[in-house]
Structure formats: structure tokens, C-alpha cells
Amino acid sequence: MDPTYEEKKKAQTQAKVMLKRLGIDEHALNEYEVAVAANLVDPRCFDISWEQIGGLDNVKKELKQTVIFPLKNFTLLDNSKLMKPPRGVLLYGPPGCGKTMIAKATAKASGANFLFVELSSMLDKWYGESQKRVAAIFNLAHKIQPTIIFIDEIDSLLRTRNTQDHEATSMMKTQFMNYWDGLLTDSKSQVIIIGATNNRQALDQAILRRMPCQLYVGNPTPEQRYHILEIILCDEVLGPDVDLLAIAQMTEGFSGSDLHEVCRLAASVRISEYIDTTAADDKEGTEPSSPPLLQPLSSSSSAQPETGDPSDKVCDSNKQDKLENLRGISQTDLCTGVDKVQSNISKLFC
Ligand SMILES: Nc1ncnc2c1ncn2[C@@H]1O[C@H](COP(=O)(O)OP(=O)(O)O)[C@@H](O)[C@H]1O
Ligand SMILES: [Mg+2]
């Protein structure tokens, strides 16, 4: 009896849907490759573009030059060994600064299949399975190339090997490296590994050597923070007092994800005001002194079909009007967001 049976069955169904969408014949794959295919993502579905990533111009430029261009023009550049894309790219830097966004945008722009590798899917509970999975990752990636194998938090998977490593883990790592070397020696291969980590120091030297393209994705500068704020707030209504330059100045040390949280909190101040006012209105509406806006149909004739309470409809349209007239985000809202995020960051360092 396999306790992971249900999980595997679900993954298999997911994989089949994805393979069909990508036009890949599942019969050309073995059972392990089909299981790994559950981690395939159709990059055309990513709702991410370069324009949505603020700052990081050097990283974007480097990736366009060294990964996207060679992948898209692979056959045209067939004769040049120097123009091949690198087999390993490492995106490193503090959390929340856009590493995952960059990897997705790279897959989308290059048109490569995107295979998202998770630690849990590799360290299978069953001895021997992990190695079959590693083989399946590389074989599947090869069969459906061009493919980007994305390993988020690569340090948790391939950190410096030590004597405490479980035998299966250490064998899996060695096998991973061997397959990786296979990519290095196969000039026709269009498979690239992109790893992301917050902790570059923890990575095995052997891994670092296999990743000649290493790009630092760091905390944004004030100018970049301004740009990121503009991107995050582009679809929002802003009050006339909003000064994003000032917000960019007061958010020293904030990551892109912190800035996103600032904006989310700022936007939600108005929502809580809205909820408070509608709650007050609802309360007023239930006062016995206030006459009903419309007579409920049910009270005039029991033969009428149930169509709901029309006063609800009036309330709904009132609510909609209020929602549509929700005030813009103000500078004070943004400052409140900054304070809250700042205090969360400070707690982390306590
Ligand atoms: N440079 C950036 N431009 C715009 N948004 C960003 C940027 N960096 C981070 N974000 C926001 O933070 C979220 C998390 O980013 P992510 O790519 O997952 O960071 P990382 O992988 O480095 O931890 C994104 O979904 C986005 O909302
Ligand atoms: Mg990430």
C-alpha cells in the first residue's frame, strides 16, 4: 500500500493536462517523467512582463543578452560555441527583491518551457525514488527543450555537502551534478538551470562552478523604489497629495515585496473606512423609525414568486455607488503602510 498514492494520482492528472496544453505526447514519457511534468508551467500563462519589474535594469539586460537571445536564436547561432546560453544561472540576493519574477519573465520572453523544481518533489519518501526523479527531471527537460529548470531556494537542495547528509540525499546531489555535467558537454542541449537563493554562501562550490552567470538581485535604490511604487500603484486612484518620491526616500532597506505590502496596507485603510460606514448605514437601516425604502413584495401578495427583497437591491446599488466613489489612496495611507511594514521589519531583527 503506497501512502502517497492519492498525491501521485493527482499529480499525474495535472501533468497530463499540462502536457496536452504544451502539445507534448505523454506516451513518449515514462512514469517518472510524467510525474515530474506536474511541475511544468506554461510560461505563456505567466502574467508577468519586464515592465512590471522595477529597477534591476542590469540584471534584465544581462539575461536578455546571455540567455534569451541565444535561446531564441539557437539554430542560427549553431556554429558558435561562444554564443550558447550558459547552463546555469544563479539569481541571488535578499528575499522579496524579484528573483522569482525575473525567472518567470525570462521563461516567458525566451518561449522556453518552465519546469519548477521543488525540494519536496525530489526528496521522495521512498528510497531510490529521488534518483529516478532527478533522472526524470533532466530527461523530461531534454525531451521538451528549450526548457528552463527553475530551482527556487537552491541552497536548501544543493547546499555544501557534509558528513551528516543522509546517504540518499548525498547520492541524489551527486547524481544531479552528473546530469548537469551532461548538459555542459552537450552543445545541442537547450536546457538551462536557473537557481535562486537568499543564501549564496551556503551553496556547494561545485554548484557555484556550474553556474557561470551569477546575478545579484539586491534591495532597490531610492530611484528604483520610486519606479517599483509607480508600477505597483499604476491601476490605483491616488489622491492629489501623494508624493511617491517622499515615500521612496523614507523606505530605505525595503524590498520590492515590502513596498508591495506598504501599498496593500495603504489601499486597505480606505476599505476599512468603507466597511465602517456601510456597517453604520446598515445599522441605521434597521432602526424601526426609518421607513423601508420599498415595500417588500412578499408582504403585498403571497402568490408572488420569491425574487428577494428589493430593499436589498437598493442597498446593493448604494454600496456599489460608494465602492465606485471610494476615495483615492492618500499620502497618509501610504505613510501608515510604511510605519506598519517598518515595525514588522524591526520585529524581525529583535
Ligand atoms: N523589482 C520589483 N518590481 C516590482 N515588484 C517587485 C519587485 N521585487 C519584488 N516585487 C514584489 O514582491 C513580490 C515577491 O517577489 P519575488 O520575485 O517572489 O521575490 P524573491 O523571489 O526575490 O523572494 C512580487 O510578487 C512583487 O509583488
Ligand atoms: Mg522567490
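Overview of values
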quantity	calculated
Kirkwood hydrodynamic radius of the stretch 228-268, from inverse mean 1/r over distinct Cα pairs, in Å	10.6
The stretch 9-113 - percent relative contact order, Cα under 8 Å, separation 6 or more	32
Approximate spin-label separation Glu26-Asp276, in nm, with each point projected 7 Å along Cα-to-Cβ	5.4
Karplus-derived 3J(HN,Hα), 6.51/-1.76/1.60, for each residue of the stretch 168-179, Hz, glycine and proline x	5, 5, 5, 5, 5, 4, 4, 5, 4, 5, 5, 5
Span from the the stretch 188-221 Cα centroid across to the the stretch 48-77 one, whole angstrom	16
Mean Cβ count within 10 Å, highest first, over the residues of peptides 132-139, 85-92	85-92, 132-139
Label-point gap, in nm, between Lys340 and Asn73 - each point 7 angstrom along Cα→Cβ	4.8
Positive minus negative residues near Pro212 (Lys, Arg vs Asp, Glu; Cβ under 13 Å)	+3
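Every read-out reported here was derived from the displayed coordinates using simple, explicitly stated rules and does not represent laboratory data. Note that this is a predicted model, so its numbers are computed, not measured. No Cβ is skipped: glycine too gets one built from the backbone with ideal geometry, and neighbour counts run over all protein chains shown.
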